[in-house]
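Engineer: Just dropping this structure here.
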Amino acid sequence: MVSAEAARNVVGIIGNVISFGLFLSPVPTFYRICKKKDVEEFQPYPYAATVLNCLFWILYGLPIVKPDSTLVVTINSVGLVFELIYLSIFCIFDTQNKGRKKVFLVLFGEVIFMAAIVVTTFLAFHTHERRTLFVGVFCDIFNILMYASPLTIVKKVVTTKSVEYMPLSLSLANFLNGCVWTAYALIRFDIFMLVSNGLGAFFGFLQLVLYAFYYKSTPKRGSQDVKPSEIQLSASDAASRA
């Protein structure tokens, strides 16, 4: 009979694979940026936000905060590397300097904020339970924001009756990611992972419903001249839900 720990590890590995796919989802966007040597209308903020999200989950998964959470640390470490690469590409090709300075300022602010949280965690809290509670609250706040971010496109989808800028692959991966990490949290109960990922699965489901409803009314590519202002979904964010 499979033990609960073995089942949890299997689910965690599946979650890592799905989250890895989410981290890769911005690749077409940055390939386009590299090809055109211009960031156009793309914005760096979702990727910068995901950096902070990954940092929080890495801290949460450390043995001195939440023991036996190696899989949480691994996927968010991978996600952190991807997000920093994306931001580096953005800064390199930000030829009009529209967001380069802001990226540096945001990242600097995140480092200062994260340093304050780390110091507070280890100096003010001296048990795993209290450290988990303190860090977990921040993880849930940022994770829920990451999961809900794709819903910012809802108004555009409804008004244009088009899902052109809400990719099905990303919405589906978002939903599956939330479901898998919710299962992971239930096998050995983890309230912080359960809350944010449970809501993430729900938000992902709403995206899929919206996609199904407006898919048929979406104009075929090339049928009209629309300047892309793509949703900036840092799939990575989703992965950071690990």
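Engineer: If the only charges are +1 at each Lys and Arg Cβ and -1 at each Asp and Glu Cβ, what is the size of the charge dipole of the chain around the Cα centre, to the nearest 20 debye?
Structural biologist: Rounded to the nearest 20 debye, it is 600 debye.
Engineer: Let me ask another. Considering the options Tyr215, Gly178, Phe23, tell which one lies farthest towards the positive end of the dipole of the chain, charges being +1 on Lys and Arg and -1 on Asp and Glu at the Cβ, about the Cα centre.
Structural biologist: In the chain, that residue is Tyr215.
Engineer: Which of the listed residues, Cys91, Ile141, Val72, is farthest toward the dipole's positive end in segment 66-150, when Lys, Arg count +1 and Asp, Glu count -1 at the beta-carbon?
Structural biologist: Comparing the listed Cα positions along the dipole, Cys91 ranks first.
Engineer: Calculate what fraction, in whole %, of the accessible area of segment 24-172 sits on carbon and sulfur atoms when a 1.4 Å probe is rolled over the protein chains.
Structural biologist: 73 percent
Engineer: Which entries of Lys35/Lys102; Lys36/Lys101; Lys102/Lys216; Lys98/Lys155 show an alpha-carbon separation above 29 angstrom in the structure shown?
Structural biologist: Lys102/Lys216
Engineer: What's the extension gain from Val111 to Lys161 if we count 0.36 nm per residue and subtract their Cα-Cα distance?
Structural biologist: 14.0 nm
Engineer: Report, in order of residue number, the helices in the chain meeting two criteria: a C-alpha extent of 20 Å or more along the helix axis, and a mean Kyte-Doolittle hydropathy of at least 1.0; treat each whole DSSP H run as one helix.
Structural biologist: 4-24, 45-61, 70-92, 100-124, 168-187, 191-214
Engineer: Still on this structure, I have one more. Can you give the FRET efficiency to the nearest 0.05 for Cys91 and Tyr215, using r as the Cβ-Cβ distance and R₀ = 45 Å?
Structural biologist: 0.80
Engineer: Please work out how much accessible surface Leu186 shows to a 1.4 Å probe, ignoring ligands, DNA and RNA, in Å² rounded to 10.
Structural biologist: 100 Å²
Engineer: Just to be sure I understand the model, the point goes 7 Å from the Cα along the line to the Cβ. What's the resulting Asp38 to Ala6 distance in nm?
Structural biologist: With each label placed 7 Å out from Cα toward Cβ, I get 5.8 nm.
Engineer: Then there's this: Cα-Cα pairs above 21 Å in segment 1-123: how many percent?
Structural biologist: 49 percent
Engineer: Given a 1.4 angstrom probe, what's the average accessible area per residue across the chain, in square angstrom?
Structural biologist: 50 Å²
Engineer: Per the Kirkwood definition applied to all pairs of different Cα atoms, how many angstroms is the hydrodynamic radius of the chain?
Structural biologist: 18.6 Å
The values are calculated or read from the model by the stated rules, or taken from the named source; none is laboratory data. Just so you know, these numbers come straight off a predicted model, no measurement behind them. Glycine also receives a Cβ, built like all others from the backbone with ideal geometry; neighbour counts cover every protein chain displayed. SASA here: full protein model, heavy atoms, side chains in, ligands and nucleic acids out. Shrake-Rupley method; radii C 1.70, N 1.55, O 1.52, S 1.80 Å.
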